[in-house]
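The values are calculated or read from the model by the stated rules, or taken from the named source; none is laboratory data. Note that the structure is a prediction, hence the values are computed from the model and not measured. Neighbour counts are summed over all protein chains in view; Cβ atoms, including those assigned to glycine, are modelled from backbone coordinates with ideal geometry.
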Amino acid sequence: MKYLIIILLFITQLGFSQKEFTHDVYFDTDKYVVPLTEENRLLLFISKLDTIPVEKVSIYGFTDDRGSNEYNLELSQNRADAIKEMFAGYGIDPDLITNVNGKGEILLKVLNEEEIHQIRGLNRKVEVIVTKKLPTKPVEDVISSVDEKIVFEETNKEKTTDDIKKGTIKKGDKIRLDKIYFKTSYSYVTSDSKKTLEALAKIMVENKNVYFTIQGHVCCTQNSRDAVDKKTRKRNLSVARAKYIYDYLERKGVDTRRMKFVGLRRKFPLGGEPQFDRRVEILVTYVGKAN
């Protein structure tokens, strides 16, 4: 085991190059659940990507030489899928993950019979390859989702909750809830925010014709990354903050068919104090006829 740990550390150090970062995740025999020690190693690797512009992520699963070809292909694919889910859970944009393939077994190459156990252990793995984005001239961001298009196209239409009460709100309008603030690194609001939340819930209950998306934001991360929720240790803080508001409004009587929530990570910083980026915004997606 001592020699195996030394080999793993050596491989990890060799994995970093100028254009690519690589990382191997090792599995127990016939398993595709990530061991806790390997999960911690993977989290450390992912945290190093915060300051790196990522172009794509490739994930390849492997098995040792035991088992049938069909069994090994299925097991290696399950291992690759497990790592993909972990990357998504820790805030890596799923669109960056371009390859998730199970490659099956790695043929056993033995120089010494005493090495068989160690080599098979190294072959039960998932190989992660992160390709860095090459520097380019600044270009206008390409916006893919409908919600994000509206964010850019309708920036001149920022409204307040008073516009909902007046009936002057319409699809594409955005409401920044300036007095709802979150505790640093957590998904729950500060005590000073409770009155604003209560007022918001009352307005949304009364105006049943307004449908909306709750958008969560974070501060202080690099490359539009999400932040880690200290309560759950998952890198999905912007989503957790949006869901906190969603759950609160549901408890207060807002129909869940009228609302959804999304985490926008740090794609849209306001450029001021960090506390103002720990925020949620309401994007109006549909306004029906008032009753």
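Any residue that is without any contact (Cβ under 8 Å) to a residue 60 or more places away in the chain, within 21 Å of the chain's Cα centre (by Cα) and not in a strand (DSSP E or B) - is there at least one of those in the range 50-65?
To start, the set of residues in the range 50-65 that are without any contact (Cβ under 8 Å) to a residue 60 or more places away in the chain comprises 65.
Add one more test, that the residue is within 21 Å of the chain's Cα centre (by Cα), and what stays is none.
There is no residue in the range 50-65 that is without any contact (Cβ under 8 Å) to a residue 60 or more places away in the chain, within 21 Å of the chain's Cα centre (by Cα) and not in a strand (DSSP E or B).
Identify, please: which residue in the range 18-60 is surrounded by 13 or more Cβ atoms within 10 Å (Cβ to Cβ) and acidic (Asp, Glu) and is, among those, nearest to SER76 (Cα to Cα)?
Selected residue: ASP24.
Identify, from the list PHE212, PHE182, the residue that is within 20 Å of TYR286 (Cβ to Cβ) and in contact with a helix residue (DSSP H, G or I) (Cβ under 8 Å, 6 or more places away or on another chain). It would help to see each step written out before you state the result.
On the way: PHE182 fails: within 20 Å of TYR286 (Cβ to Cβ).
One residue alone meets the criteria, PHE212.
Based on this model, can you work out whether LYS289 counts as touching a residue at least 24 places away in the same chain (Cβ under 8 Å) and more than 27 Å from GLY89 (Cβ to Cβ)? Outline the logic, then answer.
Working: touching a residue at least 24 places away in the same chain (Cβ under 8 Å): yes; more than 27 Å from GLY89 (Cβ to Cβ): yes.
Considered against the rule, which asks whether it is touching a residue at least 24 places away in the same chain (Cβ under 8 Å) and more than 27 Å from GLY89 (Cβ to Cβ), LYS289 comes out as yes.
Six or more apart or on different chains, Cβ atoms under 7 Å: show the pairs whose first residue is in the range 161-174 and in the same structural domain as GLU206 (by TED's automatic domain parsing) and whose second is of a type in the set (Phe, Trp, Tyr).
Every condition considered, the pairs that remain are LYS171/TYR286.
Please tell me if ARG241 is surrounded by 15 or more Cβ atoms within 10 Å (Cβ to Cβ) and basic (Lys, Arg).
Spelling it out, ARG241 is indeed surrounded by 15 or more Cβ atoms within 10 Å (Cβ to Cβ) and basic (Lys, Arg).
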